[in-house]
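The values are calculated or read from the model by the stated rules, or taken from the named source; none is laboratory data. Quick caveat, the model's predicted, so the values are computed rather than measured. So basically every Cβ, Gly included, is an ideal-geometry build from the backbone, and we count neighbours across all protein chains shown. Note: areas computed on protein heavy atoms with side chains; ligands, DNA, RNA excluded. Shrake-Rupley method; radii C 1.70, N 1.55, O 1.52, S 1.80 Å.
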Amino acid sequence: MDALEGAVIAEPAPEQKAEFATRREAFLARRAQEKEFLGVEPRMADGSLVPVHLNVGSASSQELAAEKYTSGVGLFRTEFIYMGREQLPTEEEQYEIYKKVLTAFGDRPVTLRTLDIGGDKKLPCMELPKEENPFLGNRALRLCFSMPEVFLTQLRAALRASVHGNLWIMFPMVGSLEDIRRAKGYLEQAKAQLEERGLPYSPAVKVGIMVEIPSIALVADLAAKEVDFASIGTNDLTQYSIAVDRMNPALGEYYQNYHPALFRLIGYVVKSFTQEGKPVSVCGEMGGDPLAAAVLVGLGMSKLSMGAASVARIKKLLSGLTMEKARTLAAKVCTLPTNSQVEEYLKAELSPLL
Ligand code: PEP
Ligand code: MG
(Lines give C-alpha, C1' and ligand atoms only; values in the text may rest on other atoms or scores of the structure.)
(Ligands and ions follow the chains in the order given, each with its own letter.)
Protein backbone atom coordinates (compact mmCIF):
# COMPACT_ATOMS: atom_id res chain seq x y z
CA MET A 1 0.00 0.00 0.00
CA ASP A 2 1.44 3.34 -1.06
CA ALA A 3 -0.10 5.68 1.48
CA LEU A 4 1.82 8.64 0.07
CA GLU A 5 0.14 8.33 -3.30
CA GLY A 6 -3.07 6.76 -2.00
CA ALA A 7 -2.63 3.58 -4.04
CA VAL A 8 -2.83 -0.15 -3.46
CA ILE A 9 -0.70 -2.15 -5.88
CA ALA A 10 -1.51 -5.87 -6.18
CA GLU A 11 1.60 -7.92 -6.89
CA PRO A 12 4.11 -5.06 -7.37
CA ALA A 13 7.06 -5.73 -9.68
CA PRO A 14 10.53 -5.89 -8.01
CA GLU A 15 11.52 -2.50 -9.45
CA GLN A 16 8.30 -0.97 -8.06
CA LYS A 17 9.14 -2.40 -4.66
CA ALA A 18 12.65 -0.99 -4.81
CA GLU A 19 11.38 2.44 -5.87
CA PHE A 20 8.82 2.34 -3.10
CA ALA A 21 11.48 1.44 -0.50
CA THR A 22 13.62 4.41 -1.59
CA ARG A 23 10.70 6.81 -1.36
CA ARG A 24 9.69 5.39 2.00
CA GLU A 25 13.21 5.94 3.39
CA ALA A 26 13.24 9.52 2.13
CA PHE A 27 9.80 10.16 3.61
CA LEU A 28 10.76 8.79 7.02
CA ALA A 29 14.01 10.76 7.05
CA ARG A 30 12.11 13.96 6.22
CA ARG A 31 9.52 13.29 8.93
CA ALA A 32 12.26 12.70 11.49
CA GLN A 33 13.93 15.96 10.51
CA GLU A 34 10.63 17.87 10.63
CA LYS A 35 9.98 16.61 14.14
CA GLU A 36 12.91 18.66 15.38
CA PHE A 37 10.82 21.75 14.62
CA LEU A 38 7.80 20.68 16.64
CA GLY A 39 8.74 22.60 19.78
CA VAL A 40 10.28 25.73 18.20
CA GLU A 41 8.62 29.14 18.10
CA PRO A 42 6.79 29.68 14.78
CA ARG A 43 9.21 32.34 13.57
CA MET A 44 10.15 33.14 10.00
CA ALA A 45 13.77 33.52 8.88
CA ASP A 46 13.50 37.32 9.37
CA GLY A 47 12.05 36.96 12.86
CA SER A 48 8.36 37.56 11.97
CA LEU A 49 6.07 35.56 14.19
CA VAL A 50 3.26 33.55 12.56
CA PRO A 51 1.25 31.83 15.32
CA VAL A 52 0.51 28.20 14.53
CA HIS A 53 -2.81 27.05 15.94
CA LEU A 54 -4.30 23.60 16.30
CA ASN A 55 -7.44 22.09 14.75
CA VAL A 56 -9.22 19.78 17.19
CA GLY A 57 -12.32 17.59 16.98
CA SER A 58 -12.85 14.99 19.67
CA ALA A 59 -11.02 17.04 22.33
CA SER A 60 -9.48 13.78 23.59
CA SER A 61 -6.42 14.04 25.83
CA GLN A 62 -4.36 12.59 22.99
CA GLU A 63 -5.51 15.35 20.67
CA LEU A 64 -4.95 18.06 23.26
CA ALA A 65 -1.37 16.84 23.85
CA ALA A 66 -0.29 18.99 20.86
CA GLU A 67 -1.20 21.98 23.06
CA LYS A 68 2.46 22.34 24.03
CA TYR A 69 3.50 23.06 20.45
CA THR A 70 0.77 25.50 19.44
CA SER A 71 -0.37 29.04 20.24
CA GLY A 72 -4.07 28.26 20.51
CA VAL A 73 -6.96 26.38 18.93
CA GLY A 74 -7.84 27.84 15.55
CA LEU A 75 -10.70 25.44 14.91
CA PHE A 76 -12.59 23.31 17.41
CA ARG A 77 -14.94 21.20 15.27
CA THR A 78 -17.59 20.77 17.97
CA GLU A 79 -19.82 18.54 15.82
CA PHE A 80 -17.58 15.60 16.79
CA ILE A 81 -19.06 15.84 20.28
CA TYR A 82 -22.50 15.24 18.76
CA MET A 83 -21.42 12.31 16.60
CA GLY A 84 -21.63 8.62 17.48
CA ARG A 85 -24.25 9.10 20.20
CA GLU A 86 -27.91 8.25 20.55
CA GLN A 87 -28.89 11.56 22.15
CA LEU A 88 -27.83 15.15 21.74
CA PRO A 89 -25.22 16.22 24.31
CA THR A 90 -26.73 18.25 27.14
CA GLU A 91 -25.63 21.77 28.07
CA GLU A 92 -23.81 20.33 31.08
CA GLU A 93 -21.95 17.70 29.02
CA GLN A 94 -20.88 20.29 26.48
CA TYR A 95 -19.85 22.74 29.19
CA GLU A 96 -17.49 20.13 30.68
CA ILE A 97 -15.85 19.38 27.32
CA TYR A 98 -15.43 23.05 26.38
CA LYS A 99 -14.06 23.79 29.84
CA LYS A 100 -11.49 21.00 29.40
CA VAL A 101 -10.19 22.48 26.13
CA LEU A 102 -10.19 26.07 27.43
CA THR A 103 -8.38 25.06 30.59
CA ALA A 104 -5.76 23.12 28.60
CA PHE A 105 -4.93 26.26 26.59
CA GLY A 106 -4.97 28.73 29.51
CA ASP A 107 -4.94 32.29 28.18
CA ARG A 108 -4.30 31.23 24.56
CA PRO A 109 -7.33 31.59 22.27
CA VAL A 110 -9.66 28.64 21.71
CA THR A 111 -11.80 29.13 18.62
CA LEU A 112 -14.96 27.11 19.09
CA ARG A 113 -16.92 26.58 15.92
CA THR A 114 -20.62 26.11 16.50
CA LEU A 115 -22.34 22.99 15.21
CA ASP A 116 -21.44 22.34 11.56
CA ILE A 117 -23.65 19.43 10.65
CA GLY A 118 -25.26 18.41 7.37
CA GLY A 119 -23.47 18.08 4.04
CA ASP A 120 -20.92 15.30 4.58
CA LYS A 121 -21.51 15.18 8.35
CA LYS A 122 -24.44 13.17 9.66
CA LEU A 123 -25.66 12.71 13.22
CA PRO A 124 -27.18 9.43 14.41
CA CYS A 125 -29.03 11.36 17.13
CA MET A 126 -30.70 13.68 14.66
CA GLU A 127 -32.94 12.59 11.82
CA LEU A 128 -32.38 15.03 8.96
CA PRO A 129 -34.56 15.05 5.86
CA LYS A 130 -32.91 13.73 2.71
CA GLU A 131 -31.94 16.53 0.35
CA GLU A 132 -31.10 16.60 -3.35
CA ASN A 133 -28.03 18.77 -2.73
CA PRO A 134 -26.99 18.41 0.90
CA PHE A 135 -23.89 20.60 0.51
CA LEU A 136 -26.14 23.41 -0.68
CA GLY A 137 -28.88 22.51 1.76
CA ASN A 138 -29.96 22.99 5.32
CA ARG A 139 -26.55 22.59 6.93
CA ALA A 140 -24.44 24.18 9.68
CA LEU A 141 -25.67 27.62 10.72
CA ARG A 142 -28.86 27.28 8.67
CA LEU A 143 -29.68 24.08 10.48
CA CYS A 144 -29.00 25.77 13.82
CA PHE A 145 -31.39 28.60 12.89
CA SER A 146 -34.06 25.97 12.20
CA MET A 147 -33.43 24.31 15.61
CA PRO A 148 -33.02 27.26 17.99
CA GLU A 149 -33.06 25.09 21.12
CA VAL A 150 -30.10 23.01 19.92
CA PHE A 151 -28.22 26.19 18.97
CA LEU A 152 -28.99 28.03 22.21
CA THR A 153 -27.97 25.01 24.30
CA GLN A 154 -24.57 24.99 22.62
CA LEU A 155 -24.12 28.74 22.93
CA ARG A 156 -25.00 28.68 26.64
CA ALA A 157 -22.55 25.82 27.25
CA ALA A 158 -19.78 27.68 25.39
CA LEU A 159 -20.46 30.97 27.18
CA ARG A 160 -20.47 29.26 30.57
CA ALA A 161 -17.11 27.66 29.74
CA SER A 162 -15.69 31.04 28.70
CA VAL A 163 -14.79 31.91 32.31
CA HIS A 164 -12.15 29.15 32.17
CA GLY A 165 -10.06 30.58 29.34
CA ASN A 166 -9.91 32.75 26.22
CA LEU A 167 -12.96 31.84 24.14
CA TRP A 168 -13.53 32.86 20.54
CA ILE A 169 -16.90 31.72 19.13
CA MET A 170 -17.05 31.17 15.38
CA PHE A 171 -20.06 30.59 13.13
CA PRO A 172 -19.68 28.21 10.15
CA MET A 173 -21.19 28.49 6.66
CA VAL A 174 -22.02 32.17 6.86
CA GLY A 175 -23.35 33.40 3.52
CA SER A 176 -24.60 36.91 4.25
CA LEU A 177 -24.65 39.77 6.73
CA GLU A 178 -28.14 38.62 7.73
CA ASP A 179 -26.60 35.32 8.80
CA ILE A 180 -24.08 37.18 10.95
CA ARG A 181 -26.70 39.38 12.59
CA ARG A 182 -29.05 36.49 13.20
CA ALA A 183 -26.31 34.34 14.76
CA LYS A 184 -25.20 37.23 16.98
CA GLY A 185 -28.85 37.66 18.00
CA TYR A 186 -28.90 34.06 19.26
CA LEU A 187 -25.67 34.67 21.14
CA GLU A 188 -27.24 37.66 22.89
CA GLN A 189 -30.29 35.54 23.70
CA ALA A 190 -28.06 32.83 25.21
CA LYS A 191 -26.30 35.47 27.33
CA ALA A 192 -29.65 36.78 28.58
CA GLN A 193 -30.74 33.25 29.49
CA LEU A 194 -27.56 32.74 31.54
CA GLU A 195 -28.04 36.09 33.27
CA GLU A 196 -31.55 35.04 34.21
CA ARG A 197 -30.11 31.86 35.73
CA GLY A 198 -27.40 33.85 37.49
CA LEU A 199 -24.61 32.01 35.65
CA PRO A 200 -21.40 33.87 34.74
CA TYR A 201 -19.69 34.19 31.37
CA SER A 202 -16.71 36.18 30.23
CA PRO A 203 -17.47 39.62 28.74
CA ALA A 204 -14.31 39.23 26.62
CA VAL A 205 -15.62 36.45 24.34
CA LYS A 206 -14.81 37.23 20.70
CA VAL A 207 -17.26 36.56 17.90
CA GLY A 208 -16.20 35.61 14.40
CA ILE A 209 -17.11 33.86 11.20
CA MET A 210 -15.78 31.21 8.92
CA VAL A 211 -15.28 32.49 5.42
CA GLU A 212 -16.06 29.44 3.31
CA ILE A 213 -18.85 30.66 1.03
CA PRO A 214 -17.77 32.98 -1.81
CA SER A 215 -20.66 35.39 -1.21
CA ILE A 216 -19.33 36.35 2.23
CA ALA A 217 -15.75 36.48 0.94
CA LEU A 218 -16.84 39.05 -1.63
CA VAL A 219 -18.43 41.29 1.00
CA ALA A 220 -15.60 40.75 3.49
CA ASP A 221 -15.15 44.53 3.80
CA LEU A 222 -18.69 44.78 5.21
CA ALA A 223 -18.53 41.55 7.22
CA ALA A 224 -15.33 42.73 8.91
CA LYS A 225 -17.26 45.61 10.50
CA GLU A 226 -19.69 43.22 12.19
CA VAL A 227 -17.39 40.64 13.79
CA ASP A 228 -14.14 40.46 15.76
CA PHE A 229 -12.29 38.00 13.50
CA ALA A 230 -12.54 35.61 10.56
CA SER A 231 -11.08 32.25 9.72
CA ILE A 232 -10.98 31.00 6.16
CA GLY A 233 -12.31 27.48 5.63
CA THR A 234 -10.42 26.64 2.47
CA ASN A 235 -11.95 23.16 2.14
CA ASP A 236 -15.44 24.49 1.57
CA LEU A 237 -14.26 27.73 -0.02
CA THR A 238 -12.54 25.64 -2.70
CA GLN A 239 -15.59 23.42 -3.12
CA TYR A 240 -17.99 26.34 -3.52
CA SER A 241 -15.71 28.61 -5.57
CA ILE A 242 -14.81 25.95 -8.13
CA ALA A 243 -18.21 24.20 -7.87
CA VAL A 244 -16.66 20.80 -7.23
CA ASP A 245 -17.85 18.26 -4.66
CA ARG A 246 -15.04 17.86 -2.11
CA MET A 247 -16.25 14.33 -1.29
CA ASN A 248 -16.26 12.93 -4.80
CA PRO A 249 -12.93 11.19 -5.56
CA ALA A 250 -13.82 10.99 -9.25
CA LEU A 251 -13.56 14.78 -9.37
CA GLY A 252 -10.10 14.93 -7.77
CA GLU A 253 -8.52 16.66 -10.76
CA TYR A 254 -11.10 19.45 -10.55
CA TYR A 255 -10.59 20.09 -6.85
CA GLN A 256 -7.82 22.58 -7.54
CA ASN A 257 -6.59 24.07 -4.32
CA TYR A 258 -3.87 26.07 -6.01
CA HIS A 259 -6.37 27.72 -8.32
CA PRO A 260 -5.28 31.37 -8.64
CA ALA A 261 -8.91 32.42 -8.14
CA LEU A 262 -8.72 31.11 -4.57
CA PHE A 263 -5.60 33.09 -3.75
CA ARG A 264 -7.15 36.24 -5.21
CA LEU A 265 -10.31 35.72 -3.18
CA ILE A 266 -8.42 34.93 0.01
CA GLY A 267 -6.20 37.97 -0.58
CA TYR A 268 -9.30 40.16 -0.71
CA VAL A 269 -10.62 38.74 2.58
CA VAL A 270 -7.29 39.24 4.33
CA LYS A 271 -7.02 42.81 3.06
CA SER A 272 -10.57 43.64 4.15
CA PHE A 273 -10.20 42.30 7.68
CA THR A 274 -6.72 43.77 8.10
CA GLN A 275 -8.03 47.21 7.11
CA GLU A 276 -10.57 46.95 9.93
CA GLY A 277 -7.80 45.88 12.31
CA LYS A 278 -9.40 42.44 12.75
CA PRO A 279 -7.38 39.20 12.76
CA VAL A 280 -7.90 36.73 9.95
CA SER A 281 -6.60 33.19 9.86
CA VAL A 282 -7.00 30.02 7.87
CA CYS A 283 -8.21 26.70 9.29
CA GLY A 284 -8.82 24.59 6.18
CA GLU A 285 -6.34 22.06 4.80
CA MET A 286 -4.41 24.75 2.93
CA GLY A 287 -3.09 26.05 6.26
CA GLY A 288 -1.21 22.78 6.81
CA ASP A 289 0.05 22.48 3.23
CA PRO A 290 3.52 24.08 3.06
CA LEU A 291 3.18 25.31 -0.54
CA ALA A 292 -0.15 27.02 0.12
CA ALA A 293 0.83 28.16 3.63
CA ALA A 294 3.78 30.14 2.29
CA VAL A 295 1.41 32.06 0.01
CA LEU A 296 -1.16 32.57 2.76
CA VAL A 297 1.46 34.12 5.01
CA GLY A 298 2.54 36.35 2.13
CA LEU A 299 -1.07 37.45 1.66
CA GLY A 300 -1.01 38.70 5.27
CA MET A 301 -2.70 35.91 7.22
CA SER A 302 -2.28 36.63 10.94
CA LYS A 303 -2.10 32.94 11.90
CA LEU A 304 -2.40 29.43 10.48
CA SER A 305 -4.41 26.62 12.02
CA MET A 306 -3.95 22.94 11.19
CA GLY A 307 -4.12 19.36 12.38
CA ALA A 308 -1.37 18.20 14.76
CA ALA A 309 0.32 16.19 11.99
CA SER A 310 1.19 19.36 10.02
CA VAL A 311 2.58 21.52 12.84
CA ALA A 312 6.26 20.50 12.58
CA ARG A 313 6.26 20.70 8.78
CA ILE A 314 4.83 24.22 8.78
CA LYS A 315 7.17 25.48 11.48
CA LYS A 316 10.08 24.12 9.46
CA LEU A 317 8.83 25.93 6.37
CA LEU A 318 8.41 29.21 8.28
CA SER A 319 11.91 28.98 9.72
CA GLY A 320 13.43 29.06 6.23
CA LEU A 321 11.12 31.66 4.69
CA THR A 322 11.30 35.46 4.92
CA MET A 323 8.20 37.65 4.86
CA GLU A 324 9.59 39.41 1.80
CA LYS A 325 9.86 36.11 -0.06
CA ALA A 326 6.36 35.06 1.03
CA ARG A 327 4.96 38.35 -0.28
CA THR A 328 6.72 37.85 -3.59
CA LEU A 329 5.23 34.35 -3.89
CA ALA A 330 1.76 35.66 -3.05
CA ALA A 331 1.92 38.48 -5.59
CA LYS A 332 3.16 36.10 -8.28
CA VAL A 333 0.57 33.33 -7.82
CA CYS A 334 -2.23 35.87 -8.15
CA THR A 335 -0.98 36.65 -11.67
CA LEU A 336 -0.50 33.05 -12.84
CA PRO A 337 -3.22 31.55 -15.02
CA THR A 338 -3.67 27.95 -13.86
CA ASN A 339 -3.61 25.62 -10.87
CA SER A 340 -0.76 23.54 -12.26
CA GLN A 341 1.37 26.58 -13.05
CA VAL A 342 0.90 27.83 -9.49
CA GLU A 343 1.82 24.42 -8.10
CA GLU A 344 4.90 24.08 -10.31
CA TYR A 345 6.05 27.59 -9.46
CA LEU A 346 5.65 27.03 -5.71
CA LYS A 347 7.43 23.68 -5.85
CA ALA A 348 10.34 25.21 -7.72
CA GLU A 349 10.58 28.13 -5.28
CA LEU A 350 10.02 26.25 -2.05
CA SER A 351 11.39 22.74 -2.42
CA PRO A 352 14.70 23.66 -0.70
CA LEU A 353 12.67 24.66 2.38
CA LEU A 354 10.49 21.56 2.60
C1 PEP B 1 -13.30 24.16 5.79
O2 PEP B 1 -14.35 24.08 5.16
O3 PEP B 1 -12.22 24.51 5.29
C4 PEP B 1 -13.25 23.81 7.23
C5 PEP B 1 -12.20 24.05 7.97
O6 PEP B 1 -14.35 23.21 7.75
P7 PEP B 1 -14.72 21.67 7.51
O8 PEP B 1 -13.56 21.02 6.82
O9 PEP B 1 -14.97 21.12 8.87
O10 PEP B 1 -15.94 21.79 6.66
MG1 MG C 1 -16.28 23.92 6.18
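Probe radius 1.4 Å, ligands and nucleic acids left out: which of Ile97, Ile169 has the largest accessible area, and how do the rest follow?
On the way: Ile97 50, Ile169 0 Å².
The ordering from most to least exposed comes out as Ile97, Ile169.
To the nearest 10, the accessible area of Ile9 is 80 Å² with a 1.4 Å probe.
Distance between the C-alpha centers of the stretch 24-43 and the stretch 192-268? Whole Å please. About 30 Å separates the Cα centre of the stretch 24-43 from the one of the stretch 192-268. Rolling a 1.4 angstrom probe over the protein heavy atoms with all chains in place gives the chain an accessible area of 46 Å² per residue. At the residue level, Glu188 shows approximately 100 square angstrom of accessible surface with a 1.4 angstrom probe and all protein chains present.
Please report Rg over Rh for the stretch 289-341, where both radii come from the alpha carbon positions and Rh follows the Kirkwood definition.
Numbers: Rg = 11.4 Å, Rh = 11.6 Å.
Radius of gyration over Kirkwood radius for the stretch 289-341 works out to 0.98.
Regarding the chain, what whole-number volume in Å³ per residue does the convex hull of its Cα atoms give?
Working: hull volume 53.6 nm³, N = 354.
Roughly 152 Å³ of hull volume per residue.
Taking the 1.4 Å solvent-accessible surface of the stretch 89-145 as the whole, the part contributed by carbon and sulfur is 54%.
Summing Cβ point charges (Lys, Arg +1; Asp, Glu -1) relative to the Cα centre of the stretch 41-353 gives a dipole of roughly 660 debye. When the trypsin sites (Lys or Arg not before Pro) in the stretch 165-271 are filtered for DSSP coil states and for at most 15 other beta-carbon atoms within 10 Å of their beta-carbon, the remaining sites are Lys225.
Of all beta bridges DSSP finds with both residues in the chain, what is the antiparallel percent, to the nearest 5?
Details: 3 of 30 bridges.
Antiparallel bridges make up about 10 percent of those DSSP assigns within the chain.
Sorting 50-58, 69-77 by average packing, meaning the other beta carbons within 10 Å per residue, from highest down gives 69-77, 50-58. Our summary gives the chain a relative contact order of 18 percent, counting only alpha carbon pairs under 8 angstrom and 6 or more residues apart.
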